[in-house]
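Structure first, then comments.
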Amino acid sequence: MDILGIGLVAHFGKGMGALKDALSNGVAPPSTYRLPHRQEISTPVYSIPDDLFDIPAIRAARRANRFGKMAMLAAADCLESSLPPPLDRVGIVLATGLGPHASNMEFSGGLIQYGLDQGSPTHFSHSVHNSAAAYVSNMLKTHGPATTITHFQSAVGQALQVAKAWLDSGRVDYVLLGAVDEIGELMLYIFHEGQLIDKTDRIPGEGSAFLLLSRSGPASSRLASIQPMRSGVEADLCLVDDSSIIPLPTPHQTQAVATGASYSHLWGKMPTGYIFSLACAALKLTPEVQKVLCVDKSSAIPAMLLER
Amino acid sequence: MSERIVITGMGCLSAAGNDLPQHRDSLRAGQRACQKPSWFTAPFEGPVYEVSNPAYAASADEMRVFKLAWKAVSEALSQAGLETLPTRSVLGIFLGTTTACQLNDLEFQRGFYTGGPFSPVSPTRFFAGNLADRMGRRLGVAAGPRVTVTNACASGTDAMGLALDYLRSGLCDIALAGGADELSLVSYGGFHSLGVLSPEPCRPFDKNRQGLNLGEGSGVLVLEREPAARARGISPRLFVAGYGSASDAHHMTAPHPDGLGLERAIRTALAGAQLEERDMGFINAHGTATPDNDRIEGCTLARIFGASTPVVSTKGYTGHALGGVGGMEAVFTAIGLEEGWIPANVGFEEQDPDIPITPPRQTTTVDGKFALSTSLAFGGSNAALILGKI
């Protein structure tokens, strides 16, 4: 597949320029998130600055939750970074680890606090995992297929495979492949108290990134090509993504652990952080660096090779 | 044309039955199985379709929704003769759901919000419970795609569509595809908050329909490329002819007023199957019994297929099982296509003058080699699956 465009938003800002700047200069310190219902607990987080949401397209979606807004920001940025594809041939594949859990917990919290018959319809309708894909589709007016894939570790890898299947089958000619995960109170509490994750040197993060993908075409029209690593191929550079948050057994555990640069500290720990490492890999491609391997440290996602 | 993707096994669990024979009997007899919720009370009315067998209760290490899914998967694999998977075959698992991917445990959350203690059992079970992934581990399958689709009420149908594409692309050799969902107090309160929960047994397409009833359960198909299935000695009788998916790009909860996304999904499925509208023997509609869904879906189906093509909603037998219902309805569509009948559209009594279709009031004989199953979802997702008779 070819990558035609990349858009993203995270703690360090919006767009590939912001990522490039973060790679060179590092990022601002994390903010502190004190859990509203558990004031005794605070944790550093890499959250997205609120002012990034203050653009017309996001203001127009006034009911959208943070989960949806992050996806909209990144998707719009992605299309701005490339030649616009014919929208009637675009499909959306969205990967998420935890989905819009903040909306889900807000809705549940309302039921607990006010009663089963007093739930917020807005919170409920935004608690479904495909709400972000729906907002992106509505913003861009794409009428093709839109699907959301959920997995705590390998959602991005699965989404890449879905995109390939759609392109190979001719179901669409372009795939807007995105990933999004958000910081939320209850999940942070679970992470803090529940002993569910390896908390060593970890700062939770949030963000979204989108890749515009197509079937392989002329090299001049793409940012990079992307495919699973093939045996016998040597990369010029290896990036190791260390974004994963939940160390569970995975189907790809036999993959050898690679060594290489890791930039996951720039966006923080999140289930779908691997997509930011793919964006970094695309940035690292130069005439001297023709092939960059992107390896998931948790081995949940097969290694992907990006080539000029 | 590429190799046909055939159905070699099916499994189903819902309030209407524990297995395929029980579903066949319930649907033929027009039996409803809705009741007041047995394990919770609410300050409003709304019958549900529960799977009452206590064997499917959540346990310390498994969510209820997984147990519901496992039942259908076991039945489907058994019917396909795949208790043991063939060596060197890659099994893909494609399951749609909503509740398996949400931590919908109000007791756990109550402890959190009130500053009280909480048990880690619920989140631990949740984090280990990704439906397709867990299914793969339960089956002891080391490799192959494990895709959990979370497209709200279209999840199950979209999971089958993905399976179709993966099989055609050679990304797997055998696919388990469908969906599962469990009744949840959160969903119950949620649909009430939207004002779409019916206080009485649902009445799909009826003039006096008042909304949907929630249900739970699972429906799963085993899909394979035809030559591989025949090489194992299977003589398949049905195949997946086409699939389409499209977005309304309109509203988070309301369908497009002209059903444009649904029409696009159906026309994509028809084109992919190289079929005409007149080829459909019948349609198993989404038919939730909400005023908007049934009016828009009914009008769209009539516009595409004409008012005389038989259309039935089976929500009166199972309730709306959200991410699981696409799998269930694919199973019902397959049974109807193979045996040449569709069940009564229970709950339908009075024609709605705004809906130009008339679902059957009794079990009805149908003819034709193809049938369509549709799903519509929050977020404007629409999915259409066409099954064919060999």
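The values are calculated or read from the model by the stated rules, or taken from the named source; none is laboratory data. Quick caveat, the model's predicted, so the values are computed rather than measured. We place every Cβ from the backbone using ideal geometry, glycine too, and count neighbours over all the protein chains shown.
Conditions (1) modelled with pLDDT under 95; (2) of a type outside the set (Val, Ile, Thr); (3) not in a helix (DSSP H, G or I), marked per residue:
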residue: A:GLN153; (1), (2), (3): yes, yes, yes
residue: A:TRP166; (1), (2), (3): no, yes, no
residue: A:VAL175; (1), (2), (3): no, no, yes
residue: A:SER208; (1), (2), (3): no, yes, yes
residue: A:SER225; (1), (2), (3): no, yes, yes
residue: A:GLY232; (1), (2), (3): yes, yes, yes
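Per the conditions (1) facing another protein chain (nearest Cβ under 7 Å); (2) in contact with a Pro (Cβ under 8 Å, 6 or more places away or on another chain); (3) in contact (Cβ under 8 Å) with a residue 40 or more places away in the chain, the sole criterion not satisfied by B:ALA142 is (3).
Looking for whichever is surrounded by fewer than 23 Cβ atoms within 10 Å (Cβ to Cβ) and more than 7 Å from every other protein chain (Cβ to nearest Cβ) here; the options are A:LEU176, A:LEU167. Which one fits? Quick ask: steps written out before the conclusion?
Numbers: A:LEU176 fails: surrounded by fewer than 23 Cβ atoms within 10 Å (Cβ to Cβ).
After applying the criteria, what remains is A:LEU167.
Could you tell me whether A:ARG34 is out of contact with any strand residue (DSSP E or B) (no Cβ under 9 Å at 6 or more places or on another chain), among the basic types (Lys, Arg) and exposed (fewer than 14 other Cβ atoms within 10 Å of the Cβ)? When the stated conditions are applied, A:ARG34 does not pass them.
Output the residue which, of all residues in segment B:147-163 that are at the interface with another protein chain (Cβ under 7 Å from one of its Cβ atoms) and not β-branched (Val, Ile, Thr), is farthest from the chain's Cα centre (by Cα). This residue is B:LEU162.
Out of the strands (runs of 3 or more DSSP E) lying entirely within segment B:305-390, which hold 3 or more residues that are farther than 22 Å from B:VAL48 by Cα?
Details: elements: B:311-313, B:370-377, B:381-389.
The strands (runs of 3 or more DSSP E) meeting that bar are B:370-377, B:381-389.
Counting only helices (runs of 4 or more DSSP H) wholly contained in segment A:38-144, the ones carrying 3 or more residues that are within 10 Å of chain B (Cβ to nearest Cβ) occupy A:101-114, A:121-125, A:131-140. If you go through segment B:76-105 and pick out every residue that is crowded, with 23+ Cβ neighbours inside 10 Å, of a type outside the set (Val, Ile, Thr) and under 20 Å from the mean Cα position of the chain (by Cα), you end up with 9. Restricting attention to segment B:18-55 and to residues that are in contact (Cβ under 8 Å) with a residue 60 or more places away in the chain and among the aromatic types (Phe, Trp, Tyr), the residue that is surrounded by the fewest Cβ atoms within 10 Å (Cβ to Cβ) turns out to be B:PHE44.
In the set (1) in contact with a Gly (Cβ under 6 Å, 6 or more places away or on another chain); (2) over 27 Å from B:ALA289 (Cα atoms), B:GLU62 fails one condition alone, (1). In segment B:101-114, which residue that is in contact with a Ser or Thr (Cβ under 7 Å, 6 or more places away or on another chain) and outside any loop (DSSP other than H, G, I, E, B) is nearest to B:SER218 (Cα to Cα)? Going through the qualifying residues, I end up with B:CYS101.
Exactly one residue out of B:PRO204, B:PRO199, B:PRO145 is buried (at least 24 other Cβ atoms within 10 Å of the Cβ) and of a type outside the set (Asp, Glu), and it is B:PRO204. Counting only residues that are farther than 16 Å from B:MET10 by Cα and either in contact with an Asp or Glu (Cβ under 8 Å, 6 or more places away or on another chain) or surrounded by 24 or more Cβ atoms within 10 Å (Cβ to Cβ) (or both), segment B:59-75 holds 4 of them. The lone criterion from (1) touching a Leu at 6+ places or on another chain (Cβ under 7 Å); (2) within 11 Å of another protein chain (Cβ to nearest Cβ) left unmet by A:SER154 is number (1). Is it the case that B:SER59 is part of a loop (DSSP other than H, G, I, E, B) and either at pLDDT below 90 or over 30 Å from B:GLY211 (Cβ atoms) (or both)? Yes. Does A:ARG59 satisfy being over 21 Å from the mean Cα position of the chain (by Cα) and within 30 Å of B:SER193 (Cβ to Cβ)? Yes. Of the residues making up segment B:115-122, none is surrounded by fewer than 24 Cβ atoms within 10 Å (Cβ to Cβ), within 9 Å of chain A (Cβ to nearest Cβ) and outside any loop (DSSP other than H, G, I, E, B).
For residues in segment B:137-163 being assigned to a loop (DSSP other than H, G, I, E, B) and not hydrophobic (A, V, I, L, M, F, W, C), which is nearest to B:ALA269 (Cα to Cα)? Spell out the reasoning first.
To start, the set of residues in segment B:137-163 that are assigned to a loop (DSSP other than H, G, I, E, B) comprises B:140-145, B:150-151.
Keeping just the survivors that are not hydrophobic (A, V, I, L, M, F, W, C) gives B:140, B:144-145, B:150-151.
Values: B:GLY140: 34, B:GLY144: 26, B:PRO145: 23, B:THR150: 21, B:ASN151: 18 Å.
This residue is B:ASN151.
Scan segment B:331-353 and tell me whether some residue there is under 30 Å from A:GLY68 (Cβ atoms) and touching a residue at least 24 places away in the same chain (Cβ under 8 Å).
No, segment B:331-353 contains no residue that is under 30 Å from A:GLY68 (Cβ atoms) and touching a residue at least 24 places away in the same chain (Cβ under 8 Å).
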